[in-house]
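Working notes, structure below.
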Amino acid sequence: MRRITGKAKDETLIELQSTTDSQTGDENSGNGVNSLSERGTLPGHKETDKLQPNKDTVFFRDGVRRVDFVLSYVDDKDGEKKQERRREFEANLEKAGLELETEDKSDSKDQKTYFLKIHAPWDVLATYADVLKIKVPFKESDIPHGQEVPLEWLSHPFRLPEHIMHPQPDYFTYPFDKTKTDFFLITDKDTFFPPSTRNRIVFYILARCPYYKEGRKDRDKTGIKRLLSNGTYTAAFPLHDCRYWKRARNAECESERYNLYKHWASFLCFYKEQPLNLIRKYYGEKIGIYFAWLGFYTEMLFFAAVMGLICFTYGVLSYDDNISSKEICDAYIGGSIVMCPLCDKKCPFWKLNSTCLSSWQSHLFDNEGTVFFAIFMGIWVTLFLEFWKRRQARLEYEWDLVDFEEEQQQLQIRPEFEIRCTNRRLNKITQEMEPYLPITSKCARFCLSAATVIFWISLIVACIIGVIAYRLAVYAAFASIIKDPMRKIQVVGRFITPQLATSVTASCINFVIIMILNFFYERVAIWITDMEIPKTHLEYENRLTMKMFLFQFVNYYSSCFYVAFFKGKFVGFPGDYSYMFGELSKLRNEECDPGGCLIELTTQLVIVMAGKQLWGNIQEALLPLMRNWWSSRKGRHNPENHYSRWEQDNVLLNFTQLGLFYEYLEMVIQFGFITLFVASFPLAPLLALFNNILEIRVDAWKFTTQFRRPVASKARNIGAWQEILNAVAILSVVTNAFIMAFTSDMIPRMVYLYAYSNNSSMEGYVNDSLSIYKISQIHISNMPEERNNWLDNVTDTCRYRDYRYPPGHQMEYTHTMQFWHILAAKMAFIIIMEHVVFVVKFFVAWMIPDIPSDVKARIKRERYLIQEYLHNYEVEKLKLQLSASFITEPQSEMSLMTDKHEVLSECL
């Protein structure tokens, strides 16, 4: 077969391939659109003119047919087998109606890579647009938009130009019907379907096209994905429309990538709105929905960040009013209180004033404002989710996604499901035979999947227990920081307590373990999801989403849950300490920092959250930049006529099908940090806000400069992530209520202030919150190896954090009545806070409808108008047919078409 190649030597445009190839071409005669005899030349074009002087183009060499997709491959040692696959695959593509054009390796920069360019002609596009029920315009919308908002001029600095925000007019749309082409607004068949729709259709064909010979039944030999995995092709991608740093030279080619880079990917535009309509037009609705959600989430974070900053500022301003910290730091109060050892053997007796700095740090986050902020965040998360539903509903309408989900479920069956499921049964809805997975196979796969997930979650729990054991084992080493107070205290001992040092190092180790487990589980989750063979792409993503989030939830949050709800709660007291794994393990359960457990939870949260965001930014920005720096610079400095558009895109990173999944996962994990444990760190929303402002522009920069153009795909919402966000929102109310009750010292302080204080102040609280134990009664295994020399001259008792009767009391070392009062107050606080927040949440959710009233009206109005226009169209079409049958003198075809279009124009 003769195939057009990109050779320019001696003005030769035709390369004779091997005899085998020519035989294959003879068999496929009539379908080979690449043969010159069939294709011919365009009027006014010579064959030598087909080679464009500017190779930075998205058209075939004839300058007319658009390149809708590109496949690249390299001949290697296994060349014959792969060549046979390519030959069969390309022949089947031509039978499907696609047009192909090959660029020879001699024209590529590396002199090794072939590029196969694919063009979908009108008939193919129309056929598959009908099959996929793609909505296309049939009339420009005449529904007026909402009225201008008062004081709209205030938002002008944040606005983008109108042609960027709204790159195309608003149309009434209807699923394409090949039999009604004259119903739609088709002015130019070459531009009627936008590039994003064209590459979506071509990829649909590529994913289902077989590469086995006709008559054979190797059903597994189907689709471009398998050809990519076995190395037959090295890449498959649609083309960007131009270079991102310069407009396209061809006036017929869009410069949407350049506009996105200039108005969206530039960090100098961080305060500007996102051009969501242009993003949707260029990348498809699925990516557009992600950036719409990320932008809205970032906008809502601003309010949470401001409130968190106010609460933190209150903690700073009330610094001097913190009587408890003053008592701890006072040499005559905290300096006279001797505390019991915090671990066996290695830990000495110590003075309470050695934790002065820690108590001041704790007050910054553990104050009255924290309670208000926890309640505020419970309401904020409800407002965020409810307002997002409204924003999402508006986008569904504006982007023609209202009725999309049902079509997606019925039509977008995964090629892998069709290949691996050989059983067939009748679909009751479509009345067609379709593949299905037997219930026995489905149950077996589900059991294996569940067992794998449970095993990996158990592995995470085991790692967390290991980190806890590390904390207990190394605490004694850090306890040596607290020296004999009669001597000069070391500088590090003044600023870092043993608990804080242990918490910081354990948090860092835990973060490393999290990253390692993530690396392995990502691959395991994909493997078990593939093994389940989900039917549709939507089902596949939802299953993978649930598995990955469940794992990430346990992986990232388990250490925070331990510090918040378990650490310091099961310690015992000097005469009866509790041990991890029993007394034989010698690992005594660790106590909270003397400043309170909340400061340790804050430390844990900051390290894990900030570390994840920092590592994520390094992965997303620096690594792709370093990996593609040479290739990008090379492409930018090479003359355009020597470096083609497909070669420039080939060196970019591939945006995988799960690329967006990881972006969502990163943001949802962050959402968990700022909601589940926000009571311990009011500045968490502020950190998230700064990160997301950077995240939007980094993601935009990656999409426009570092990644190949993704295949456009549709999605009407954020999918399973919506339910996950709702679950996290509900859980956050419970966790914050328990943090304020059991991790914070707020409730014990309030009980003391209103029930036990003599002068309605916090004076004496520190002494009241510490119980007394007789040193002589401490078991020898709990006593320090080196007894403090100053201890004998000071006291014969030590203090510990609890509410128990002192020695000599008839109920010595049992809980006092104050302990039960505080416990009752904690339970009452949890019940009251949860009920108040939940009542407000459900009231707000009830008050705010999911779909705005104007959008509901527009949807009903548009559906009515569509039915009316369709009815008029059918009536007028029938009239034309009836009138034509009564015409005795046959009209010319041209006059008939003119009359027909006149009638249709009046109808529409």
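The values are calculated or read from the model by the stated rules, or taken from the named source; none is laboratory data. Computed from a prediction, not measured in an experiment: that's the story for all the values here. Neighbour counts run over all protein chains shown; Cβ positions are idealised from the backbone, glycine included. Each accessible area value is taken on the protein alone, full model and side chains, heavy atoms only, with ligands, DNA and RNA left out. Shrake-Rupley method; radii C 1.70, N 1.55, O 1.52, S 1.80 Å.
If you check His809, His835, His821 for being of a type outside the set (A, V, I, L, M) and either part of a strand (DSSP E or B) or more than 46 Å from the chain's Cα centre (by Cα) (or both), only one passes: His809. If you filter region 762-773 down to residues that are open to solvent by 40 Å² or more (accessible area, probe 1.4 Å) and modelled with pLDDT under 90, you find that the one that is farthest from His809 (Cα to Cα) is Glu763. For region 337-354, filtered to residues that are basic (Lys, Arg) and in a loop (DSSP other than H, G, I, E, B), the residue that is least open to solvent (accessible area, probe 1.4 Å) is Lys345. Look at (1) open to solvent by 40 Å² or more (accessible area, probe 1.4 Å); (2) in a helix (DSSP H, G or I); (3) modelled with pLDDT under 85; (4) of a type outside the set (Phe, Trp, Tyr) and you find that Ile599 fails only one, number (1). For Asn759, the conditions (1) out of contact with any helix residue (DSSP H, G or I) (no Cβ under 6 Å at 6 or more places or on another chain); (2) open to solvent by 10 Å² or more (accessible area, probe 1.4 Å); (3) in contact (Cβ under 8 Å) with a residue 40 or more places away in the chain are fulfilled apart from (3).
One line per residue, one yes/no per condition, for (1) surrounded by fewer than 21 Cβ atoms within 10 Å (Cβ to Cβ); (2) at pLDDT below 90; (3) assigned to a helix (DSSP H, G or I):
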| site | (1), (2), (3) |
| --- | --- |
| Gly672 | no, no, yes |
| Pro682 | no, no, no |
| Phe690 | yes, no, yes |
| Val711 | no, no, no |
| Lys714 | no, yes, no |
| Leu725 | no, no, yes |
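Of the listed requirements (1) within 35 Å of the chain's Cα centre (by Cα); (2) open to solvent by 20 Å² or more (accessible area, probe 1.4 Å), Val381 misses just one: (2). Restricting attention to region 305-333, the residues being part of a helix (DSSP H, G or I) and either free of Cβ contacts under 8 Å to residues at least 40 places away in the same chain or over 44 Å from the mean Cα position of the chain (by Cα) (or both) number 11.
Within the set His835, His779, the sole residue that is in contact (Cβ under 8 Å) with a residue 12 or more places away in the chain, open to solvent by 50 Å² or more (accessible area, probe 1.4 Å) and not basic (Lys, Arg) turns out to be His779. One residue stands out among those in region 544-579 that are in contact (Cβ under 8 Å) with a residue 24 or more places away in the chain, part of a loop (DSSP other than H, G, I, E, B) and among the small types (Gly, Ala, Ser): the one that is nearest to Asp802 (Cα to Cα), which is Gly568.
Each residue in region 171-186 was checked for being touching a residue at least 60 places away in the same chain (Cβ under 8 Å) and not in a strand (DSSP E or B), and 3 of them qualify. Of the residues in region 567-579, none is open to solvent by less than 30 Å² (accessible area, probe 1.4 Å) and of a type in the set (S, T, N, Q).
Which numbered condition trips up Ser644, out of (1) touching a Lys or Arg at 6+ places or on another chain (Cβ under 7 Å); (2) at pLDDT below 90; (3) open to solvent by 10 Å² or more (accessible area, probe 1.4 Å)? Of everything listed in (1) touching a Lys or Arg at 6+ places or on another chain (Cβ under 7 Å); (2) at pLDDT below 90; (3) open to solvent by 10 Å² or more (accessible area, probe 1.4 Å), Ser644 misses just condition (3).
The residues of region 317-336 that are within 16 Å of Phe365 (Cβ to Cβ) and open to solvent by 60 Å² or more (accessible area, probe 1.4 Å), listed by number, are Leu317, Tyr319, Asp321.
One residue is enough: does region 365-375 have a residue meeting the conditions on the phi < 0 side of the Ramachandran plot, of a type in the set (S, T, N, Q), in contact with a Phe, Trp or Tyr (Cβ under 8 Å, 6 or more places away or on another chain) and in contact (Cβ under 8 Å) with a residue 24 or more places away in the chain? So far as region 365-375 goes, yes, one or more of its residues are on the phi < 0 side of the Ramachandran plot, of a type in the set (S, T, N, Q), in contact with a Phe, Trp or Tyr (Cβ under 8 Å, 6 or more places away or on another chain) and in contact (Cβ under 8 Å) with a residue 24 or more places away in the chain. Do the conditions hold for Ile279, that is, is it open to solvent by less than 20 Å² (accessible area, probe 1.4 Å), within 30 Å of Glu386 (Cβ to Cβ), in contact with a helix residue (DSSP H, G or I) (Cβ under 8 Å, 6 or more places away or on another chain) and free of Cβ contacts under 8 Å to residues at least 24 places away in the same chain? Considered against the rule, which asks whether it is open to solvent by less than 20 Å² (accessible area, probe 1.4 Å), within 30 Å of Glu386 (Cβ to Cβ), in contact with a helix residue (DSSP H, G or I) (Cβ under 8 Å, 6 or more places away or on another chain) and free of Cβ contacts under 8 Å to residues at least 24 places away in the same chain, Ile279 comes out as yes. All of Pro121, Pro157, Pro169 fail the test of being open to solvent by less than 40 Å² (accessible area, probe 1.4 Å) and farther than 23 Å from Asp75 by Cα, apart from Pro121.
Just one of the listed residues (Phe565, Phe549) is at pLDDT 85 or above, touching a helix residue (DSSP H, G or I) at 6+ places or on another chain (Cβ under 8 Å) and closer than 30 Å to Leu448 by Cβ, namely Phe549.
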